[in-house]
Amino acid sequence: MIDIIIALGGNIGDVRGTFASVLRYLQDTGVLEKINMSRTYRSCSLLRDDQPNYYNCVFTARTSLLPQALLQKLKDAEYRFGRQNKGDKWQERTLDIDIIDYGSMVIREDNLFIPHSQMALRSFVLFPMREVAPDYIHPENGLTIEQMCDALKDCLEITAV
């Protein structure tokens, strides 16, 4: 088993209910063993002002799956819980699941970047991550969660709900 950090996000429907359901599903199907989940945070859309607010949370877990297999299971879960791919990367969604960290490894493949390439720039990832992985150190830049939070430049109004 390896320690992982996963981020959940969404802005359509009962997002918090979807988070709870997908976590149960991932545990029930043996994809992961949940360890610790952050509070849910609300923020405006990162790049599109015309969308409803987003809800995000982060959880730590353990998995026996290799990174690519984990990615596939998480993508399958996104679609199982209503995500639609309409070709627009920044579209509204019921559920977005991102692997933020996988055993503090650095993985750079065509479809998989671990640690998540944008994590250090996103308050909606770092704030909840600070709750569940306060001692995390980024394996590439060597920064702690607090240092990454201090360096944030996104202007999202983010609040725990």
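Every read-out reported here was derived from the displayed coordinates using simple, explicitly stated rules and does not represent laboratory data. Note that the structure is a prediction, hence the values are computed from the model and not measured. Cβ sites come from the backbone with ideal geometry, for glycine too, and all protein chains shown count toward neighbours.
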Subject >> Karplus-derived HN-Hα couplings along region 132-147 (A = 6.51, B = -1.76, C = 1.60, θ = phi - 60°), whole Hz, x at Gly and Pro >> reply: 9, 9, x, 9, 4, 10, 4, x, 9, 8, x, 8, 7, 4, 4, 5
Subject >> Square roots of five times the Cα gyration tensor eigenvalues for the chain, Å >> reply: 21, 20, 15
Original post:
Counting other C-beta atoms within 10 Å, which of THR94, THR159, THR63 has the fewest, and how do the rest follow?
Top reply: THR159, THR94, THR63
**OP:** List every residue whose amide H lies under 5 Å from the amide H of ILE107, counting only residues 5 or more places away in sequence or on a different chain, with H placed 1.01 Å from N in the peptide plane.
**Re:** ILE114
Original post:
What is the local net charge at ILE107, summed over the other residues whose Cβ is closer than 14 Å to its Cβ (Lys, Arg +1; Asp, Glu -1)?
Top reply: -4
**OP:** Normalising by the residue count of the chain, find the relative contact order in percent from Cα pairs under 8 Å and 6+ residues apart.
**Re:** 31 percent
